[in-house]
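K.L.:
Handing you this structure, nothing more for now.
The values are calculated or read from the model by the stated rules, or taken from the named source; none is laboratory data. Nothing here was measured: the structure is a model prediction, and the numbers come from that model. With ideal geometry, Cβ positions are generated from the backbone for all residues, glycine too; neighbour counts draw on all protein chains shown. Surface areas here come from the heavy atoms of the whole protein model, side chains and all, with no ligands, DNA or RNA. Shrake-Rupley method; radii C 1.70, N 1.55, O 1.52, S 1.80 Å.
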Amino acid sequence: MFILAYESTYENQIILGVYSSLDTAMIAVQRYTQDEPDSVFYRDLVIRQFTVDAEPEMDTGIVVWSNWREEE
């Protein structure tokens, strides 16, 4: 299972969607970032991968994609 989330150190984590594959999660990322790909909100997007029988802890899982970029 893949979780698309807005994840920041000062506002914790907001789950935006749960997807069955990385491909469908990346399609959702494109929808979220098509208007303002450089906004702070979009820069804090991550996709985490969870196993189906894992305990439901939102701060666990493996980050498989992150939209984080250093500010110029």
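K.L.:
Restricting to the stretch 7-37, give me the number of residues that are over 17 Å from Q49 (Cβ atoms), part of a strand (DSSP E or B) and either open to solvent by less than 70 Å² (accessible area, probe 1.4 Å) or modelled with pLDDT of 90 or more (or both).
P.N.:
In the first step, residues of the stretch 7-37 are kept if they are over 17 Å from Q49 (Cβ atoms); the result is 8-12, 14, 30-37.
Subsequent filtering for residues that are part of a strand (DSSP E or B) retains 8, 12, 14.
From what's left, either open to solvent by less than 70 Å² (accessible area, probe 1.4 Å) or modelled with pLDDT of 90 or more (or both): 8.
Residues flagged as over 17 Å from Q49 (Cβ atoms), part of a strand (DSSP E or B) and either open to solvent by less than 70 Å² (accessible area, probe 1.4 Å) or modelled with pLDDT of 90 or more (or both) within the stretch 7-37 amount to 1.
K.L.:
For the stretch 38-67, which positions are aliphatic (A, V, I, L, M) and either at pLDDT below 75 or closer than 20 Å to Y10 by Cβ (or both)? Steps first, answer last, please.
P.N.:
Taking the stretch 38-67 and keeping what is aliphatic (A, V, I, L, M), we get 40, 45-47, 52, 54, 58, 62-64.
Selection gives V40, L45, V46, V52, A54, M58, V63.
K.L.:
Just checking, how many residues over the stretch 38-56 are open to solvent by 50 Å² or more (accessible area, probe 1.4 Å) and touching a Phe, Trp or Tyr at 6+ places or on another chain (Cβ under 7 Å)? I'd like the intermediate steps shown before the answer.
P.N.:
Just the residues of the stretch 38-56 that are open to solvent by 50 Å² or more (accessible area, probe 1.4 Å), to begin with: 38, 40-41, 49, 51-53, 55-56.
Retained after the next criterion (residues that are touching a Phe, Trp or Tyr at 6+ places or on another chain (Cβ under 7 Å)): 41, 49.
Number satisfying all stated conditions: 2.
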